[in-house]
1. Given the criteria in contact (Cβ under 8 Å) with a residue 24 or more places away in the chain, surrounded by 12 or more Cβ atoms within 10 Å (Cβ to Cβ) and within 17 Å of residue 229 (Cβ to Cβ), does residue 144 qualify?
2. Looking only at residues in segment 86-114 that are under 28 Å from residue 302 (Cα atoms) and of a type outside the set (A, V, I, L, M, F, W, C), which one is surrounded by the fewest Cβ atoms within 10 Å (Cβ to Cβ)?
3. May I ask you to say which residue of 119, 72, 62 is at negative phi and crowded, with 17+ Cβ neighbours inside 10 Å?
4. More than 21 Å from residue 303 (Cα to Cα), of a type outside the set (S, T, N, Q) and free of Cβ contacts under 8 Å to residues at least 24 places away in the same chain, is that true of residue 173?
5. Limited to segment 174-189, what total is found for residues that are more than 26 Å from the chain's Cα centre (by Cα), farther than 12 Å from residue 223 by Cα and surrounded by 14 or more Cβ atoms within 10 Å (Cβ to Cβ)?
6. Kindly list, by first and then second residue, each pair from a residue in segment 191-216 that is in contact (Cβ under 8 Å) with a residue 12 or more places away in the chain to a residue that is in a helix (DSSP H, G or I) and aromatic (Phe, Trp, Tyr), limited to pairs with Cβ atoms under 7 Å and residues at least 6 apart or on different chains.
7. Any idea how many residues of segment 103-118 are touching a residue at least 60 places away in the same chain (Cβ under 8 Å) and not β-branched (Val, Ile, Thr)?
8. Within segment 323-357, track down each residue that is within 26 Å of residue 312 (Cα to Cα) and either among the charged types (D, E, K, R) or not in a loop (DSSP other than H, G, I, E, B) (or both).
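The values are calculated or read from the model by the stated rules, or taken from the named source; none is laboratory data. Owing to the predicted nature of the structure, the values given are computational and were not obtained by experimental measurement. Here the Cβ positions follow ideal geometry from the backbone for every residue, glycine too, while neighbour counts run over all protein chains shown.
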Amino acid sequence: MKETATLSPQRVSSVDAYRGFVMFLMMAEVLRFGNVAEALPDSAFWAFMDFHQSHVPWVGCSLHDLIQPSFSFLVGVALPYSMASRAGRNQSVSMMWVHTIRRSLILIFLGIFLRSMHSEQTNFTFEDTLTQIGLGYPILFALGFASEKIQWGALAAILAGYATLFALYPLPGPDFDWSQTGVTADWEHNLKGFAAHWNKNTNAAWAFDRWFLNLFPREKPFRYNGGGYSTLSFIPTLGTMLLGLIAGKWLKSATSTAWLLKRYIVTAAALLILSLLLHFTGLNPIVKRIWTPAWTLFSGGCAFLLLSAFYFIVDVKNRKSWFYPLIVIGTNSIAAYVIADGLGGFIRESFKIHFGQHYDSIFGASYASLVSGALILLVEWLVLRWMYKKKVFIKI
C-alpha cells in the first residue's frame, strides 16, 4: 500500500459517491438492526431494516446482498481511468503488469489477514470480497486492453462455462452423506429439479473447496462453508467486474449525458430481464452466495441502475455537496474497509471503559445496539474525514 497526497484529476464524483454508499452500507453493520428487530418483534419497520441489513438465506436479494457486487463492479469502472492515468505518465505495459500483479497479491493477502484476525492461526479462505477481486483482477486488467466486443464475449464465456461446470456436477444420490454439507436433505431453501445443481454445499464449487482448501494448514479439515460461499465465485465475480469495466469505458468516452444514461438504463433492463428469465425458468437461480451467472446479470443490472442514479444526481445535476459524507468514504474505500473490519470492536470497548457498561441504554435496552453502533460509525467516519482533509488516501 502507499500514501498519496493528491486525488486523481480524473476522478468522477458520482463514482466516489456510489462507492461511498456501498462502503457505508458495510460499515453500518455495527448498527445491528437485527438486535432491534428481535427486541421489537411486532415492528414491521425494524423487520424490514433487518432484512435489508442481512444476506438472504439462499435465493433472492436484499440491499445488503448488493454490497459486494457493487464494490466489484466499481473496481471495473475505475480501471479505464487507472490505465489511462498510467499511460499518461508514460508507464510501460510491463510496469502496468507489475503493478497489477502486486495489487492482486495485496488484495488476496489482505483479505486472508482480515479473515484471520480472530483465529488461532492463518485462516486460508478465499471468499472475502478483497480476495475474490484479487483473484480475478489480472484477468480483468488483460481484458482492459481488448475491444468491447471481446469483453462482452469474455463475459458470455465466463458465465456459460461456470454454469456448465455446475450443471455437469452430479446431484446428491440416495446414499449421499448430508452431514458433510452443513445442511439437510429437506432444508427449506433447497431447490428442486435442474436448479438443484445450485444448492448449498452440494455443488461443484463446494467439491472444489473440499480439495483446494485442505491443501493449506488448517486447525481441522475443511468440510463446508457455513454460508455456502466458495473460492470459485471469483470467476463469475470477474464477470461483474467486466460489466463495470464496460460501464467505465462508456463513462470515460461519453459524448453526452443523455447518450450515457440511455445506454446504462437499456443495459440494466436487458441484464435484469435475462437474469429473471433464467431464474423463473429454473435454468439458473439468482443466488448471491455462490454467485450464479443469473446473479452476475441481476446484480450487474442493479449496479448499472445505481451508477445511473448517482451519475444523474451528482454529476449531471451537480449535487456533489449533498453526498459529501459518502464521498469522504468513497475516496478512501480501502481504508474504510479495514477500519470497519478491525476498529469497531476496539471503539465499542473503549466507550464501555470510559462511559460505563450501559452507556448505550439511554433510549432503552431495545435500542442499545443502535446507539453504540451509531457512535462507532460516527468515530469511523470522523477518522476518514480527517484523512480526507489531510489528503491521506490509501491506495493499492
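1. So residue 144 does not fit the description; no.
2. Within segment 86-114, the match that is surrounded by the fewest Cβ atoms within 10 Å (Cβ to Cβ) is 103.
3. 72
4. yes
5. Residues that pass the stated criteria total 1.
6. Every condition considered, the pairs that remain are 191/198; 197/166; 198/166; 203/166; 204/166.
7. So the count comes out to 5.
8. 323, 324, 325, 326, 327, 328, 329, 330, 333, 334, 336, listed by residue number.
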